[in-house]
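A short worksheet on the structure shown next.
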Amino acid sequence: MNRIDVLLKNRVSFLTDSKSSDDIAISSRVRLARNLARFPFPVAANDATLTEIRDLVCGGMERCGALGRNFLLFDMEETTPIDRAVLFERRLVSKELLERKIGAALLCGKDEAVAAMVNEEDHLRLQSIVPGFRLEEAYRQVASLNDALENVLEFAFDDTLGYLTSCPTNVGTGIRASVMLHLPALVLTGEINAAVRGIGKLNLAVRGIFGEGTDNRGNLFQVSNQSTLGESELQIIHSLDNVIKQLILHEKNARNLLLDKNPNMLLDKVGRAYGILRHAYKLSGEEALNALSFMRIGVDLGMFSNVDIATVNELFINIGDAHLQKKENRAAKSADELDAMRAAMVRERLRA
Amino acid sequence: MLCDICKKNQATIHIHEIIDGKKKEINLCAECAAKKAPAGIDIGPFNLGEVLFNLDKISTPAMPPQPQNDDAQPPAAAQEVVCPECGWTLEKVRTSGGRLGCPNCYTAFRPMIEAALSNIHRGKVHLGKRPRENRREDGSALLLLELSDLQKELQTLIAAEEYEKAAVVRDRINDLKLRIAAGKDTPVL
């Protein structure tokens, strides 16, 4: 079986193992940046060195056994564009990794909960994604991958500065912890702007769902730490935890306020979104994402007896262009055709 | 989504402007965006490298203006710092968006980096995880734990004069010690 098909059979745990209490925080992710000692960072490495680094890392991963014996290796030099797009939509690789080719690779366990990008900005970007608001659990998973790798590889480390990274913005712990939040009520009430400004003042970042430079389609936001030096990993995670708890409370308040003051506005948006998803014959990615966002509030509010949160969450991934074409096993000839494929898939999933 | 100007290429640049509370959205392809750029407010491309390190200030030598140099002579370049390991220079830091070339760059460019680090981070000293410090989950720590348990058991057995059982435990201890020693010899790359 093709490696990408192994992934496509997965349930995408960080989305589908959500419980009903995971209504606002969709998933938690922790990433650690690491580099091999005595090698230039990818930006300064030539093709031969990049390849050597990739082979060292892959060999190390095999010996340490942290991803299981049959972990998946995607060599970006050989991975087709559509498969690379699938990996991106599943949040296993970044845009930056896709732009590189020589020596770039993704290593992940079969369940894709823990993964490692090789030769992105740093030699290694280890990541773990879990459903809901559970940063500490994600950190423990990625830390144990790190510890296993450290038995077989030596990472660049300085006594004062900690783990050395290509960009000084990541030096020290190399940690980037982020939580994907669904904040439609804060967007509807317009409070989101103040919230985003406030978070910025706390030295935390807010981004769209697909990382740097993307907007807030689907009312989805990613809140993450910026500072990586001067605090321990758990301190960083706990202060992020506190801010996110506040945000979740604000979102809950905003939802209650909307239900109290203007219930028909909110219910109308949910109902129309469901109508579009259930009956449209053409759906652009953006329209689908926004409709899913409102349908998700409806699920959170218990308006749908036959749709659970996991179904909606899974649709967030399956409406992706690459996932659609992979599922149909054909390339769409035009954007129109893709929109038709998307609408058909969503109708099918919500029919049950 | 197609580009708003040429309506042919895929729009890859999305600009959202909020003016007086009204949201305006422009979607452009890279080509049209490049053509359009000079018309708008052009502050040049955002360069993380320059922002991080104040490179424009650093690369100019900190010398009082010298009158004889008035006639557009290029200032004598500040002593160019080059990382001896990877050959990285300040210019490279600038053109690569603030990235360093190798671990040794942190030493080569230390003064410049220290200033940048205190702007970016909460502290200046790493307080987090260290290599091979947190070994609770790995095999060798477990082996050490088992070893100390067995050594206690051995003492108890000897005190109780259970020599046959003690011999079995002693053999297990020796075996463990060998395994731990073998683990330490595992070459580290």
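Quick notes on this structure:
- Test: residue in the stretch B:28-44 that is within 13 Å of chain A (Cβ to nearest Cβ), modelled with pLDDT of 70 or more and within 22 Å of A:LEU283 (Cα to Cα): no
- Boolean, A:GLU233 is among the charged types (D, E, K, R), within 9 Å of another protein chain (Cβ to nearest Cβ) and touching a residue at least 12 places away in the same chain (Cβ under 8 Å): yes
- Inspection of the stretch A:42-63 finds no residue satisfying the criterion of being among the basic types (Lys, Arg), more than 30 Å from A:GLN226 (Cβ to Cβ) and under 18 Å from the mean Cα position of the chain (by Cα).
- When residues of the stretch A:308-340 are limited to those that are under 23 Å from the mean Cα position of the chain (by Cα) and outside any helix (DSSP H, G or I), the one surrounded by the fewest Cβ atoms within 10 Å (Cβ to Cβ): A:ASP308
- Taken over the stretch A:51-73, the criterion of being surrounded by 15 or more Cβ atoms within 10 Å (Cβ to Cβ), away from every other protein chain (no Cβ under 13 Å) and either over 23 Å from A:SER144 (Cα atoms) or in contact with a Gly (Cβ under 6 Å, 6 or more places away or on another chain) (or both) is satisfied by A:THR51, A:ARG54, A:LEU67, A:PHE71.
- For the stretch A:251-287, a residue qualifies if it is touching a Phe, Trp or Tyr at 6+ places or on another chain (Cβ under 8 Å) and surrounded by 15 or more Cβ atoms within 10 Å (Cβ to Cβ), and the qualifying residues are A:LYS269, A:VAL270, A:ALA273, A:TYR274.
- Criterion (out of contact with any Lys or Arg (no Cβ under 8 Å at 6 or more places or on another chain) and at the interface with another protein chain (Cβ under 9 Å from one of its Cβ atoms)) met by exactly one of A:LEU183, A:LEU202, A:LEU164: A:LEU164
- For the residues A:VAL30, A:VAL6, A:VAL93, A:VAL43, the requirement of being touching a Lys or Arg at 6+ places or on another chain (Cβ under 8 Å), at pLDDT below 90 and among the β-branched types (Val, Ile, Thr) singles out A:VAL6.
- Out of A:GLY218, A:GLY174, sole residue that is touching a residue at least 12 places away in the same chain (Cβ under 8 Å) and either at the interface with chain B (Cβ under 7 Å from one of its Cβ atoms) or touching a Lys or Arg at 6+ places or on another chain (Cβ under 7 Å) (or both): A:GLY174
- The set of residues in the stretch A:87-140 being over 19 Å from A:GLU233 (Cβ atoms) and small (Gly, Ala, Ser) consists of A:SER94, A:GLY103, A:ALA104, A:ALA105, A:GLY109, A:GLY132.
- Enumeration of residues in the stretch B:89-122 that are acidic (Asp, Glu) and within 28 Å of A:LEU202 (Cα to Cα): B:GLU114
- Test: A:LEU126 is within 13 Å of another protein chain (Cβ to nearest Cβ) and closer than 21 Å to B:HIS121 by Cβ: yes
For every residue, the table says whether it meets (1) out of contact with any Ser or Thr (no Cβ under 8 Å at 6 or more places or on another chain); (2) modelled with pLDDT of 90 or more; (3) among the hydroxyl-bearing types (Ser, Thr, Tyr).
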| residue | (1), (2), (3) |
| --- | --- |
| B:GLN66 | yes, no, no |
| B:ASP71 | yes, no, no |
| B:PRO75 | no, no, no |
| B:VAL82 | no, yes, no |
| B:LEU90 | no, no, no |
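- Of everything listed in (1) among the acidic types (Asp, Glu); (2) buried (at least 22 other Cβ atoms within 10 Å of the Cβ); (3) free of Cβ contacts under 8 Å to residues at least 60 places away in the same chain, the single unmet condition for A:GLU120 is (3).
- Checked against (1) within 30 Å of A:GLN226 (Cα to Cα); (2) assigned to a helix (DSSP H, G or I), A:PHE39 passes all but a single condition, namely (2).
- Residues of the stretch A:202-234 satisfying the condition of being at pLDDT below 85, out of contact with any Phe, Trp or Tyr (no Cβ under 8 Å at 6 or more places or on another chain) and charged (D, E, K, R): A:GLU212, A:ASP215, A:ARG217
- Whenever a residue of the stretch B:124-150 is farther than 12 Å from A:GLY172 by Cα and among the basic types (Lys, Arg), its partners that are at pLDDT below 75 and not in a loop (DSSP other than H, G, I, E, B), lying with C-beta atoms within less than 6 angstrom and at least six residues away or across chains, give the pairs B:ARG135/B:ALA141.
- Candidates A:ALA138, A:ALA177, filtered to the one that is outside any helix (DSSP H, G or I), surrounded by 23 or more Cβ atoms within 10 Å (Cβ to Cβ) and either aromatic (Phe, Trp, Tyr) or within 22 Å of the chain's Cα centre (by Cα) (or both): A:ALA177
- Annotation for the stretch A:95-103: at least one member residue is touching a residue at least 40 places away in the same chain (Cβ under 8 Å), surrounded by fewer than 24 Cβ atoms within 10 Å (Cβ to Cβ) and away from every other protein chain (no Cβ under 14 Å).
- Residues of the stretch A:68-88 include at least one that is touching a Leu at 6+ places or on another chain (Cβ under 8 Å) and among the charged types (D, E, K, R).
- Candidate set from the stretch B:153-187 (those that are modelled with pLDDT under 80 and surrounded by 11 or more Cβ atoms within 10 Å (Cβ to Cβ)); member that is nearest to A:GLU150 (Cα to Cα): B:GLY183
- Yes/no for B:SER140 being closer than 29 Å to A:ILE53 by Cα, more than 16 Å from the chain's Cα centre (by Cα), at pLDDT below 80 and polar (S, T, N, Q): yes
- For the stretch A:255-301, residues that are more than 16 Å from A:HIS182 (Cβ to Cβ) and in a loop (DSSP other than H, G, I, E, B) total 6.
- When A:ILE199 is tested against the conditions (1) without any contact (Cβ under 8 Å) to a residue 24 or more places away in the chain; (2) touching a helix residue (DSSP H, G or I) at 6+ places or on another chain (Cβ under 7 Å), the lone failure is (1).
- Selected residue (criterion: farthest from B:LEU127 (Cα to Cα)) from residues of the stretch A:180-201 that are of a type in the set (D, E, K, R) and in a helix (DSSP H, G or I): A:ARG197
The values are calculated or read from the model by the stated rules, or taken from the named source; none is laboratory data. It should be emphasised that the depicted structure is a prediction, and the values quoted were computed from it without experimental measurement. So basically every Cβ, Gly included, is an ideal-geometry build from the backbone, and we count neighbours across all protein chains shown.
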